[in-house]
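Following: one structure in structure tokens, then a few remarks.
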Amino acid sequence: MEEVKKLTSFSKASGCGCKLPPALLHQILDGFTTGHGYPQLLVGNDKADDASVFQINDHTALIQTVDFFTPIVNDPFSFGCIGAANAIGDIYAMGGKPLMANVILGFPADALEVGEVQAILRGASAVCAQAGIPMAGGHSVNISELIFGLSVTGTANPANIKTNAGARDGDVLLLTKPLGTGILGAAIKRGLSNADEEKYLADHCSKLNSVGEALGNIDGVHAMTDVTGFGFYGHLLEMCKGSGLSATIHFDKLPLIDIAKPYASKFVLPDNTFRNSNAVKDFVRTGVKDAFAWLNDPQTNGGLLVAIDPAHLAAVEDVLNRYGLASFSDPIGKLHFTEDGISMNVV
């Protein structure tokens, strides 16, 4: 009897860990911007942001994103849930409200069972239903690796759009999910994990970042982004560069996935951990030995990294409490201006 292949065996890297290395992506996009001459394009590919934004009128902006990746878990339904939640998260990261989604699907038609593909779609549809949006259509191709994701459309008031470049000197930083999904994904792909750990990862990565829509309504939230494939360092650096600020992070304040800690201590890390590190190493200042594994770890549907005026922290805490995220209301660091250039200091 032929052995059934695991979903994670259909790819070289797992989840958002399959993204192009940051250095290569920057090389490809160097000098290549396509939004010039369109004044209504508020956020385009000249920004290192989560989604593009086009202003329709004084009260409405259209938010558009596309996100897809390879399996991070072996259960097809869970993979569909994760792929959908991750893609919808880009709308929330801009402070927006999702409206509809279309599927992006590629798989080896001669190796994957129809029932498995249907389960992926059912998982995605279930998460879209949680977000209150239709999974309206899509496109599929026959390729050698399994990929799945969504193209998602959303809206927001232009005044409420949160980019990753709006932070101000003195803002404090919050992170709404613990780090470590890449580490757990690497353990699963290498056959080191158990069923409970895979279930935890599936549940964790399937959680919608819907709190972002509510945070978008708070004036004191100056910048926001979701932490995904470039890791905490990579997405924090985009915020720092966009705002012209440095960051100081307190490592002991960072939320970490407890069950990933034994794997991190054994250096069970995704390949993209090292690629992510190469992209940010010139900006990192730290003597914390554990920072490498955790802060370069590529996240899949990670938490929101939020820059907040300290005077508005109570309003943000109220929103986090309402969404069941009270445990993530303690600042993990702050942003500040330095005359000697941008840096990320982990103490």
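The values are calculated or read from the model by the stated rules, or taken from the named source; none is laboratory data. Everything numeric here is computed off the predicted structure, so don't read it as measured data. Positions of Cβ are generated from backbone atoms using ideal geometry, with glycine treated the same way; all protein chains shown enter the neighbour counts. Only protein heavy atoms, including side chains, enter the accessible area calculation; ligands, DNA and RNA are left aside. Shrake-Rupley method; radii C 1.70, N 1.55, O 1.52, S 1.80 Å.
Between 83, 89, 115, 95, the distinction of being in contact with a strand residue (DSSP E or B) (Cβ under 9 Å, 6 or more places away or on another chain) and either more than 30 Å from residue 271 (Cβ to Cβ) or of a type in the set (A, V, I, L, M) (or both) belongs to 95 only.
Just to verify a result, which residue in segment 278-309, among those that are among the small types (Gly, Ala, Ser), out of contact with any Lys or Arg (no Cβ under 6 Å at 6 or more places or on another chain) and buried (at least 18 other Cβ atoms within 10 Å of the Cβ), is modelled with the lowest pLDDT? Checking each candidate, the answer is 279. If the requirement is being within 30 Å of residue 195 (Cβ to Cβ) and either touching a strand residue (DSSP E or B) at 6+ places or on another chain (Cβ under 8 Å) or of a type outside the set (Lys, Arg) (or both), which of these qualifies: 333, 287, 231, 242? On inspection, the qualifying residue turns out to be 231. Of all the listed residues (166, 244, 180), the sole one being over 15 Å from residue 332 (Cα atoms) and within 14 Å of the chain's Cα centre (by Cα) is 180.
Pairs meeting the criteria (first residue in segment 218-240 and farther than 23 Å from residue 181 by Cα and assigned to a helix (DSSP H, G or I), second residue open to solvent by less than 10 Å² (accessible area, probe 1.4 Å) and not small (Gly, Ala, Ser), beta carbons under 8 Å, at least 6 apart or on different chains) are 240/335; 240/344.
Can residue 104 be described as in contact with a His (Cβ under 7 Å, 6 or more places away or on another chain), aliphatic (A, V, I, L, M) and crowded, with 19+ Cβ neighbours inside 10 Å? It is true that residue 104 is in contact with a His (Cβ under 7 Å, 6 or more places away or on another chain), aliphatic (A, V, I, L, M) and crowded, with 19+ Cβ neighbours inside 10 Å.
Restricted to segment 131-188, the set of strands (runs of 3 or more DSSP E) holding at least 1 residues that are open to solvent by 30 Å² or more (accessible area, probe 1.4 Å) and under 20 Å from residue 89 (Cα atoms) comprises 135-142, 147-156. Flag set for residue 199, criterion: assigned to a helix (DSSP H, G or I) and open to solvent by 10 Å² or more (accessible area, probe 1.4 Å). Scanning segment 313-329 for any residue that is at pLDDT below 95 and open to solvent by 60 Å² or more (accessible area, probe 1.4 Å) turns up nothing.
Looking only at segment 39-55, filter to residues that are assigned to a loop (DSSP other than H, G, I, E, B) and in contact (Cβ under 8 Å) with a residue 12 or more places away in the chain; which one of those is farthest from residue 84 (Cα to Cα)?
So the residue we want is 40.
Determine if segment 222-231 includes at least one residue that is open to solvent by 10 Å² or more (accessible area, probe 1.4 Å), under 20 Å from residue 52 (Cβ atoms) and acidic (Asp, Glu). No: segment 222-231 contains no residue that is open to solvent by 10 Å² or more (accessible area, probe 1.4 Å), under 20 Å from residue 52 (Cβ atoms) and acidic (Asp, Glu).
Tell me which residues, restricted to segment 330-346, are small (Gly, Ala, Ser) and surrounded by 14 or more Cβ atoms within 10 Å (Cβ to Cβ). Correct list: 333, 343.
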